[in-house]
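Below is one structure; the comments refer to it alone.
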């Protein structure tokens with residue numbers, strides 16, 4: 001259940017971008033800052049329940065890393081998945097690591 | 001043990017009370033319990049109609065459910081209080097629970113009054129008060145063609161606008177001889193009726209409804225004068241009645257015509273029971289606006305905590321936008337035939353504007369005012385009214401726009417510090433100045449620390465004027481920072497970037513900014529780089545919206561649209577066949593777009609490059625419908641076919657589209673070319689509009705449709721084709737240089753110091769001496785145009801982007817469609 005699951009290779013990742021992996025039927029959004037800091041959250045935006053977050057722009061807001069949904073610009077913390085606009089939404093977050101150029105997630 | 005304060009009703013005023021009590025009750029004397037009969041927490045009923053924009057109730061939410069629990073407030077939704085026992089101080093709900101209270105706040109609001117019209121219970125008759133009402137109206141409208149709104153007050157007109165937007169043939173029925181009889185006068189109503197009728201609704205005055213007929217559902221409405229209208233649905237908006245039934249059955253005093261009688265401290269005849277908002281009757285008056293309701297909530301909360309506070313009636317002045325038309329009233333706006341007053345009236349039927357000042361002859365102060373069509377002076381005149389300020393010797397200057405355009409900012413300086421600016425939160429000019437002196441430099445900060453502008457929002461521009469003026473007065477500079485990562489404005493950032501040799505966002509933020517960036521600065525920098533360097537955005541990885549990244553517009557279900565360029569709207573039958581074939585093969589939704597092009601909708605990311613490969617093989621190129629750049633140039637068939645045409649509008653449209661395509665601009669740009677003054681291409685509604693004349697072309701600039709339509713203004717008349725291109729080249733590049741991010745040309749021109757005359761000086765007379773540079777910049781853009789889709793398909797690295805999952809080659813199977821009118825549509 002909580003084993004590390006391999007989702008991709010570092011070579012396929014673009015710096016400062018998002019990508020989506022399908023793990024046990026779930027869509028996981030994976031983001032990185034400069035291929036150094038990595039985050040994994042659910043790919044579905046709770047506002048409309050569409051699987052799109054990995055295509056959002058990432059950045060920071062008051063030093064909190066965030067993703068901005070491409071559909072309606074709702075913003076979420078990548079640290080804990082909490083909405084940055086005082087809405088009731090929280091994204092599921094997952095552990096992520098890079099080991100020997102392979103990307104793994106855990107907690108699904 | 002804490003005392004129990006129970007609030008019955010969780011509307012805007014009920015919530016305001018809770019907030020006031022939380023803030024004032026520093027000793028935590030009270031436990032707050034709130035009952036609301038609606039399914040969701042209090043929402044912004046003032047903005048109810050905007051629900052139709054997103055259909056998401058959360059967009060109207062004021063505070064989330066967790067806000068209540070976080071603040072220790074017990075909120076019970078979907079639970080209606082049905083009985084009170086005032087001697088035992090208990091209440092009983094429809095869920096069968098009984099609980100005790102020490103203090104009871106009745107904030108039960110009102111219900112829509114439905115006149116006793118025969119047949120009013122038929123299917124298809126609605127009221128307009130809750131989100132559920134709007135949801136029902138929307139679903140019923142799907143099978144309806146025409147609608148009647150009973151009631152021409154402000155809510156009725158809002159409902160009518162919503163029905164027009166839902167595609168209904170819409171009628172407004174008003175019993176009185178004018179619209180909005182409580183706010184405006186006969187002449188104001190005449191102007192308003194004319195405006196509303198041009199928007200597509202029919203207005204019927206002096207009409208009383210007699211019966212609604214039809215088998216089970218509405219089929220027609222019959223009036224007392226014998227006339228009738230065939231209609232599919234009816235929305236009743238004939239005023240409100242206070243919800244006083246709970247008070248009444250427990251023996252609390254009720255007014256003769258309803259309403260819970262309260263004194264100046266908002267107490268009923270039972271000292272433990274208060275009533276606030278639309279259910280309360282104060283001095284024999286029911287206040288149906290949110291601002292007085294908020295004032296009652298504030299006064300009632302203060303009274304409960306032993307402070308000396310009172311509600312002594314409220315001003316009913318109001319400003320709103322009805323069907324896109326500004327309407328406002330101040331004070332005794334409907335006063336007529338009073339020997340003590342005189343008036344100043346301006347009727348501009350040509351532009352649909354009416355303004356009237358009602359002036360006290362002796363004191364030369366304002367007693368009331370009416371605005372229809374343009375209420376830009378409302379804020380200033382309200383201050384004259386509220387502060388009993390003496391009017392200038394010639395008050396007409398207050399409502400006629402001077403040729404020089406006296407700015408509202410000048411009016412701001414004349415206000416006393418005590419002037420109330422935000423009536424919802426009762427914030428004075430002095431409070432705002434204090435906030436600025438304490439360091440506030442944005443409207444957002446002022447909203448946070450004073451709450452000004454957080455209610456109906458109509459005072460926000462006044463707040464900004466006061467703030468800017470105060471900042472400038474103290475020698476400060478108005479904050480124009482792009483975002484928290486860059487202290488530069490867009491214009492300053494662009495100028496600085498052009499001095500350097502930047503080629504990526506990373507380099508720019510490292511040199512000129514801080515942090516990781518955000519959705520604002522990343523997209524702005526990407527657009528600026530593309531506007532003067534023109535490596536296409538393809539090379540700027542991951543700093544752009546998904547639309548620029550996938551070169552397609554994302555749709556609500558995560559699929560994308562494909563819109564190839566069809567310059568000037570001209571397309572051969574053979575090319576049409578290619579689009580038809582692709583649409584059919586991939587089962588895409590096909591539609592003619594608003595820009596004379598054909599859109600194919602519903603493609604997955606995997607399908608995008610495959611389909612574009614086919615399109616490019618067939619001779620299409622990208623239409624940049626996904627970008628902030630030139631969209632399309634609309635044209636009529638012009639001189640070549642039309643018997644009235646005097647210029648070859650199609651040729652010019654194609655030339656313009658090919659000339660400016662691809663250039664990234666601060667916002668999207670649209671153009672139109674008409675072959676004669678009949679203007680079939682609607683060019684004057686575009687950023688650039690060109691209309692053929694007997695002697696050449698007339699060039700109009702800086703118009704736009706969208707949220708706030710504005711006609712383009714004539715820039716040059718009877719000029720030849722080459723000069724048209726020269727002028728547009730220079731204006732566009734000057735716009736790219738000086739506009740703020742996401743600023744359309746219309747707003748840009750409105751804010752440009754010196755306005756149109758300045759633009760002419762720059763572009764025609766070259767007073768800045770930059771025309772050479774502007775032309776060079778444009779030439780560079782034209783020479784370096786590349787079709788982004790062609791490149792993406794040929795470049796294997798870029799092509800790899802078009803995958804839904806990194807760990808699977810299958811597409812997203814969870815995306816589903818339903819079939820509507822023979823085509824796919826995203827499943828709801």
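All of the numbers you see were taken from the coordinates with simple rules; none came from a lab. What you see is a predicted model; the values in this text were computed from it and never measured. Here the Cβ is made from the backbone with ideal geometry for all residues, glycine too, and neighbour counts use every protein chain on show.
So between residue B:284 and residue B:78, what do we pick up on full extension, going 0.36 nm a residue minus the alpha carbon distance?
That pair, residue B:284 and residue B:78, stretches by 71.0 nm at full extension.
Per residue and in Å³, how big is the convex hull formed by the alpha-carbon atoms of segment B:606-664?
103 Å³
Can you give the FRET efficiency to the nearest 0.05 for residue B:721 and residue B:253, using r as the Cβ-Cβ distance and R₀ = 56 Å?
0.10
Among DSSP beta bridges lying fully in the protein assembly as shown, give the percent that are antiparallel, nearest 5.
Looking only at bridges with both residues in the protein assembly as shown, the antiparallel portion is about 70 percent.
Given points 7 Å out from each Cα along the Cα-Cβ axis, report the residue B:779 to residue B:269 separation in nanometres with one decimal.
It is 8.9 nm.
Given N residues in segment A:51-108, what is its alpha carbon radius of gyration divided by 2.2 N^0.38 Å?
1.21
Starting from the Cα of residue A:97, move 7 Å in the Cα-to-Cβ direction to define the label point; list residues of segment A:9-25 whose amide nitrogen is under 18 Å from there.
A:9-10
Classify segment B:220-370 as rounded, prolate or oblate, taking a ≥ b ≥ c as the square roots of the eigenvalues of its Cα gyration tensor: rounded when a/c is under 1.5, otherwise prolate if a/b is larger than b/c and oblate if not.
oblate
Suppose the Debye formula is applied to equal point scatterers at every Cα of segment A:1-43; what is log10 I(q)/I(0) at q = 0.18 Å⁻¹?
Results for segment A:1-43 at q = 0.18 Å⁻¹ read -0.51.
Taking 8 Å as the Cα distance limit and 6 or more residues as the minimum spacing, I'd like the relative contact order of segment B:1-117 as a percentage.
Relative contact order here is 33 percent.
Where both residues lie in chain B, what percent of DSSP beta bridges are antiparallel, nearest 5?
Percent antiparallel among DSSP bridges in chain B is about 60.
May I ask you to sort B:731, B:719, B:767 by Cβ crowding, counting other Cβ atoms within 10 Å and putting the fewest first?
B:767, B:719, B:731
Going by how many other beta carbons lie within 10 Å of each one, how would you line up B:180, B:467, fewest first?
B:467, B:180
What share of Cα pairs, in percent, lie more than 21 angstrom apart in segment B:621-779?
41 percent
Under the rule a/c < 1.5 gives rounded, and otherwise a/b versus b/c splits prolate from oblate, where does segment B:1-108 land using the Cα gyration tensor?
oblate
Using only the Cα atoms of segment B:487-612, build the gyration tensor, take square roots of its eigenvalues as a ≥ b ≥ c, and label the shape rounded, prolate or oblate: rounded if a/c is under 1.5, else prolate if a/b is larger than b/c, else oblate.
Prolate, because a/c is 1.5 or more and a/b exceeds b/c.
Using all Cα-Cα distances in segment B:155-262, what percent lands in each 10 angstrom bin from 0 up to the longest?
13, 34, 28, 19, 6, 0
Out of all DSSP beta bridges in segment B:25-155, what portion is antiparallel? Express it as a percent rounded to 5.
The answer is about 75 percent antiparallel.
Using Cα pairs under 8 angstrom and six or more residues apart, how large is the relative contact order of chain B, in percent?
7 percent
Give the order of B:212, B:240 when sorted by the count of other beta carbons within 10 angstrom, beginning with the fewest.
B:240, B:212
Can you give the relative contact order of segment B:44-176 as a percent, counting alpha carbon pairs under 8 Å and 6+ residues apart?
Worked out over segment B:44-176, it gives 17 percent.
Average partner chain C-beta neighbours within 10 Å, per residue of B:548-559?
Mean inter-chain Cβ contacts per residue within 10 Å come to 3.
Over all directions, the average projected area of the alpha-carbon convex hull for segment B:217-290 comes to how many nm²?
Its Cα hull, projected and averaged over all orientations, spans 7.6 nm².
Please state the equivalent ellipsoid semi-axes for chain B: what are the square roots of 5 times the Cα gyration tensor eigenvalues, largest first, in whole Å?
So the three semi-axes of chain B are 50, 33, 31 Å.
Computed FRET efficiency, Cβ-Cβ of residue B:343 and residue B:194, R0 30 Å: what is it to the nearest 0.05?
0.90
Report the FRET efficiency, 1/(1 + (r/R0)^6), for residue B:481 and residue B:766, where r is their Cβ-Cβ distance and R0 is 35 Å, rounded to 0.05.
With R0 = 35 Å, the Cβ-Cβ based efficiency is 0.65.
In degrees between 0 and 90, to the nearest 10, how far off the longest principal axis of chain B does helix B:519-533 point, with axes built from Cα atoms?
With both axes taken from Cα atoms, the answer is about 30 degrees.
How much mean residue ellipticity at 222 nm does chain B get from its helices, if each DSSP H run of length 4 or more adds -39500 (n - 2.57) and you divide by all residues, to the nearest 500 deg cm²/dmol?
-9000 deg cm²/dmol
Please compute, for peptide B:813-824, the average count of beta-carbon atoms on other protein chains lying within 10 Å of each residue's beta-carbon.
Mean shielding count: 1.
Can you give me the distance in nm between label points at residue B:584 and residue A:14, each placed 7 Å from the Cα along the Cα-to-Cβ direction?
3.5 nm
Using a 10 Å cut-off on Cβ to Cβ distances, tally the other chain neighbours for every residue of B:480-487 and report the average as a whole number.
Mean inter-chain Cβ contacts per residue within 10 Å come to 1.
Over all Cα pairs of the protein assembly as shown, how is the pair count split among 10 Å bins, expressed in % and running from 0 up to the last occupied bin?
2, 10, 16, 22, 22, 17, 8, 3, 0, 0
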